[in-house]
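**Student:** Pasting a structure here, questions to come.
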Amino acid sequence: MLEGIIWEQVFVGAVVLGVFVAFLKEWFPPDVTAVAAFVIFLVTGMLDAEDASGVFGNSAPIIVACMFVLSGALERTGTIEALGGWFERAAGKKETRIILVMALLVIPLSAFVNNTPVVVVLMPIVIRLCRKLGLMASRFLIPLSYAAIVGGTCTIIGTSTNVVATSTAADIAGTGKYPSLEEPFGMLEIMPLGLAFVAITMVYLLTIGRKLLPDRTSLASLIESEEGKEFLTEARVADNSPLVGKLFTETPLSKMRRDLRLIEVRRDGILVQTALNKVRFRASDLLLFKSRPTGVVSLKEMEGISFSNDDDEGTNLGLEDMHTETAVLMEGIVGPRSRLLGRTLKELKFRQRFGVLILAVHRRGVNLRERFEDVRLAFGDTLLVEGPPDQMRRLFTEKDFINLSVPRERPFRRSKAPFAIGAIAIFMVFGALGTLPFLPLALAAVVIVVATRAIEPNEAYESIEWRVVLLIFGMLGVGRAVAESGLAASLAVATVSVFEGYGEIVVLSVVYLLAAILTELISNTAVAALLVPVAAAVAVALGCDARPFVVAIMFGASASFSTPIGYQTNTLVYGAGGYKFGDFARVGLPLAILLWIVATFLIPILWPLHGSN
């Protein structure tokens with residue numbers, strides 16, 4: 001029997017290790033990896049039907065989905081946008097005041113709604129304010145993300161990490177091994193420690209952290225400074241044009257490449273796929289040029305070129321029906337729900353599909369100006385896009401991109417804002433009173449916003465980040481396998497044997513640190529689902545209350561400040577601010593260490609180690 005148990009633990013440990021490696025190497029999307037591991041445990045018998053029912057009966061994924069819908073309702077009714085407008089008016093012109101006002105807005109919002117849409121809406125507002133004042137956006141976007149993260153630590157619903165951790169704790173409490181976990185976590189139970197995190201983070205960002213914030217150039221400013229204002233010009237080849245039958249390289253147009261560059265040829269409404277230097281012009285071909293002002297002037301001054309409002313057609317190049325408009329330059333981030341994830345610009349035929357040009361891509365701290373057509377797009381990639389205003393509007397109305405240049409132009413249902421705010425207020429008040437479990441309250445709030453049309457049913461479905469929901473389901477299954485196989489208990493015994501001699505508080509500190517390190521490398525929700533059973537087992541092995549150890553996992557798994565990949569809001573601002581990977585370590589690592597020390601001393605005070613066990 002012992003050998004069977006050991007074999008099960010080795011197998012589960014190997015699968016978990018494979019999950020970590022797959023997360024780090026990004027072989028597959030995290031949700032696919034997590035669900036695949038869950039399926040492996042089911043197929044091999046590590047988990048049975050009852051275990052599977054327990055995973056799918058867990059309320060965490062449904063509550064997280066409900067929070068996405070409620071956040072979407074606030075966004076669609078213009079509530080977050082209106083608060084962003086208040087921020088722009090109140091921010092002033094000084095750096096410290098801008099950071100302070102931004103935090104005063106973001107932290108309370110993030111405590112009760114999903115922080116990702118908060119950051120998505122405020123990013124372009126912050127960037128626009130920086131451009132108006134001549135400031136570097138990189139001085140403010142990291143503080144924006146950090147404020148959203150610590151704001152989420154103030155309540156149980158502030159982040160999916162807390163929801164998953166508390167739901168997992170309630171799940172394992174049913175085994176009878178952890179009496180202190182049998183009482184559910186209250187909505188505001190963790191607020192005292194969350195407020196301590198908020199206060200320390202704000203003091204740090206306004207003092208030491210502000211001096212460490214980098215001055216980085218965004219993609220747009222990089223291109224604008226090098227190339228200046230540009231235009232897109234269309235011209236059609238006339239029937240009697242001398243261009244007909246000639247290769248592009250044989251015409252005067254090929255000699256103007258510095259100020260006038262041919263970027264596209266359309267024939268009968270279809271883009272010609274042949275390389276431009278091999279295109280042989282035909283009558284009625286539509287030519288699209290990218291040009292500087294001097295290039296437009298030179299083209300217009302060519303003898304024989306006529307326009308749609310001219311009387312003669314010209315006799316030299318035979319270009320007619322010319323139309324010129326300013327090329328709009330905009331930045332956008334590939335969103336977490338984008339249909340473009342994992343595909344290259346070449347595969348997408350981006351130019352043909354959207355009618356705009358990609359000038360550069362920012363990824364992992366590098367601005368790519370060349371050979372980015374074959375790069376597979378990933379969440380957080382920032383693209384510099386150029387094209388006509390109408391095409392830009394069409395591009396950014398789709399959910400594939402988050403517009404960084406200007407806030408999205410779409411009508412808000414402002415008259416429905418009271419319903420959205422009221423639904424969330426009801427959820428918060430009754431959740432704080434503890435009169436009803438979180439799940440029925442969350443569902444009731446969703447019913448209110450949908451029934452009152454604060455958000456349409458199809459928009460409600462679209463607002464849910466299904467990848468996150470599936471990731472939670474998968475990792476709950478992995479966490480249950482870790483607990484049921486005895487691996488959690490074995491890891492707990494090993495941890496205690498190494499650190500027990502240093503005292504219980506040191507072991508608690510190590511548990512927090514483990515969660516904080518892992519969350520910098522993989523999804524924070526995955527860390528919470530995986531480590532809560534281990535942390536509870538460590539508490540039992542020590543003879544301590546399990547509750548403070550679960551709290552340590554909650555806060556440690558949310559303390560993602562040192563890399564741009566551990567937390568979604570960090571990934572969002574990574575490309576938008578033109579940051580390098582090391583910028584997060586330089587600014588965030590001292591903060592992470594500071595919060596680790598604070599948590600080590602405050603958790604045992606707020607949740608005594610021998611309170612209930």
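**Student:** How many of the residues making up segment 532-562 are in contact with a Gly (Cβ under 8 Å, 6 or more places away or on another chain) and either among the β-branched types (V, I, T) or part of a loop (DSSP other than H, G, I, E, B) (or both)?
**Tutor:** Final tally of qualifying residues: 5.
**Student:** Among the residues of segment 407-429, write down those that are at pLDDT below 70 and surrounded by 14 or more Cβ atoms within 10 Å (Cβ to Cβ).
**Tutor:** Passing the criteria: P407, R408.
**Student:** If I ask for residues that are in contact (Cβ under 8 Å) with a residue 40 or more places away in the chain and surrounded by fewer than 19 Cβ atoms within 10 Å (Cβ to Cβ), which ones from segment 40-50 would you list? Give the steps one after another, and end with the answer.
**Tutor:** Of all residues in segment 40-50, those in contact (Cβ under 8 Å) with a residue 40 or more places away in the chain come to 41-42, 46-47.
L42 - this is the single residue of segment 40-50 that is in contact (Cβ under 8 Å) with a residue 40 or more places away in the chain and surrounded by fewer than 19 Cβ atoms within 10 Å (Cβ to Cβ).
**Student:** If V203 passes every condition in (1) surrounded by fewer than 20 Cβ atoms within 10 Å (Cβ to Cβ); (2) modelled with pLDDT under 90; (3) in a helix (DSSP H, G or I) but one, which one does it miss?
**Tutor:** Single failed check for V203: (2).
**Student:** Being of a type in the set (D, E) and assigned to a loop (DSSP other than H, G, I, E, B) is the filter here, so list the residues in segment 445-476 that pass it.
**Tutor:** If we filter segment 445-476 for residues that are of a type in the set (D, E), which is where we start, we get 456, 459, 462, 465.
Answer for segment 445-476, where residues must be of a type in the set (D, E) and assigned to a loop (DSSP other than H, G, I, E, B): E456, E465.
**Student:** Output the number of residues of segment 481-506 satisfying the condition of being closer than 21 Å to I172 by Cα and in a helix (DSSP H, G or I).
**Tutor:** Residues in segment 481-506 being closer than 21 Å to I172 by Cα and in a helix (DSSP H, G or I): 14 in total.
**Student:** I'd like the full set of residues that are under 16 Å from G186 (Cβ atoms) and of a type in the set (A, V, I, L, M), limited to segment 430-459.
**Tutor:** Selection gives A432, L433, L436, L439, L441, A442.
**Student:** If we only count helices (runs of 4 or more DSSP H) wholly inside segment 108-196, which ones have 2 or more residues that are hydrophobic (A, V, I, L, M, F, W, C) and touching a Gly at 6+ places or on another chain (Cβ under 8 Å)?
**Tutor:** So the answer is 115-133, 141-152.
**Student:** Residue by residue through segment 255-293, note down the ones that are at pLDDT 70 or above, of a type in the set (S, T, N, Q) and surrounded by 15 or more Cβ atoms within 10 Å (Cβ to Cβ).
**Tutor:** Passing the criteria: only S284.
**Student:** Looking only at segment 303-313, decide whether some residue is part of a loop (DSSP other than H, G, I, E, B) and modelled with pLDDT of 55 or more.
**Tutor:** No - not one qualifying residue is present in segment 303-313.
**Student:** Then there's this: On the basis of being farther than 18 Å from E520 by Cβ, surrounded by 24 or more Cβ atoms within 10 Å (Cβ to Cβ) and at pLDDT below 95, does V550 make the cut?
**Tutor:** Considered against the rule, which asks whether it is farther than 18 Å from E520 by Cβ, surrounded by 24 or more Cβ atoms within 10 Å (Cβ to Cβ) and at pLDDT below 95, V550 comes out as yes.
**Student:** Looking only at segment 59-109, filter to residues that are polar (S, T, N, Q) and surrounded by fewer than 22 Cβ atoms within 10 Å (Cβ to Cβ); which one of those is farthest from the chain's Cα centre (by Cα)? Working first, answer last.
**Tutor:** Looking only at segment 59-109, we keep the residues that are polar (S, T, N, Q), and these are 59, 71, 77, 79, 96.
Subsequent filtering for residues that are surrounded by fewer than 22 Cβ atoms within 10 Å (Cβ to Cβ) retains 59, 96.
On the way: S59: 23, T96: 25 Å.
Among them, the one singled out is T96.
**Student:** To continue, here is another question. Being modelled with pLDDT of 70 or more, out of contact with any helix residue (DSSP H, G or I) (no Cβ under 8 Å at 6 or more places or on another chain) and β-branched (V, I, T) is the requirement here; does V375 meet it? So that I can check it myself, show each step before the final result.
**Tutor:** Details: modelled with pLDDT of 70 or more: yes; out of contact with any helix residue (DSSP H, G or I) (no Cβ under 8 Å at 6 or more places or on another chain): no; β-branched (V, I, T): yes.
So V375 fails the test.
**Student:** Can you report the number of residues in segment 148-200 which are farther than 18 Å from F430 by Cα, at pLDDT 85 or above and among the charged types (D, E, K, R)?
**Tutor:** 0
This table checks each residue for (1) in contact with an Asp or Glu (Cβ under 6 Å, 6 or more places away or on another chain); (2) farther than 26 Å from V527 by Cβ.
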position	(1), (2)
F438	no, no
I448	no, yes
P457	no, yes
L470	yes, no
F473	no, no
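**Student:** Let me ask another. Test of understanding: among R467, R480, which residue is among the basic types (K, R), surrounded by fewer than 23 Cβ atoms within 10 Å (Cβ to Cβ) and under 30 Å from L17 (Cα atoms)?
**Tutor:** Among R467, R480, only R467 is among the basic types (K, R), surrounded by fewer than 23 Cβ atoms within 10 Å (Cβ to Cβ) and under 30 Å from L17 (Cα atoms).
**Student:** Could you go through segment 519-542 and let me know if any residue there is touching a His at 6+ places or on another chain (Cβ under 7 Å) and either in contact (Cβ under 8 Å) with a residue 12 or more places away in the chain or of a type in the set (D, E, K, R) (or both).
**Tutor:** no
**Student:** Against the condition surrounded by 17 or more Cβ atoms within 10 Å (Cβ to Cβ), part of a strand (DSSP E or B) and modelled with pLDDT under 75, how does L232 come out, does it pass? Full working, then the answer.
**Tutor:** Details: surrounded by 17 or more Cβ atoms within 10 Å (Cβ to Cβ): yes; part of a strand (DSSP E or B): yes; modelled with pLDDT under 75: yes.
Yes.
**Student:** Please go through segment 51-87 and pick out each residue that is touching a residue at least 60 places away in the same chain (Cβ under 8 Å) and either touching a Gly at 6+ places or on another chain (Cβ under 6 Å) or over 30 Å from P117 (Cα atoms) (or both).
**Tutor:** Across segment 51-87, the qualifying residues are D51, A52, G54, V55.
**Student:** If you don't mind, another one. Do you know which residues across segment 563-603 are within 16 Å of L144 (Cα to Cα) and not in a helix (DSSP H, G or I)?
**Tutor:** Across segment 563-603, the qualifying residues are T563, P564, I565, G566, Y567, G577, G578, Y579.
**Student:** Would you mind telling me which numbered condition in (1) more than 18 Å from V64 (Cβ to Cβ); (2) surrounded by fewer than 20 Cβ atoms within 10 Å (Cβ to Cβ); (3) at pLDDT 85 or above V447 fails?
**Tutor:** (1)
The values are calculated or read from the model by the stated rules, or taken from the named source; none is laboratory data. The structure presented is a predicted model; accordingly, all values stated were derived computationally and were not measured. For neighbour counting, all protein chains shown are included, and Cβ atoms are generated from backbone atoms with ideal geometry for every residue, glycine included.
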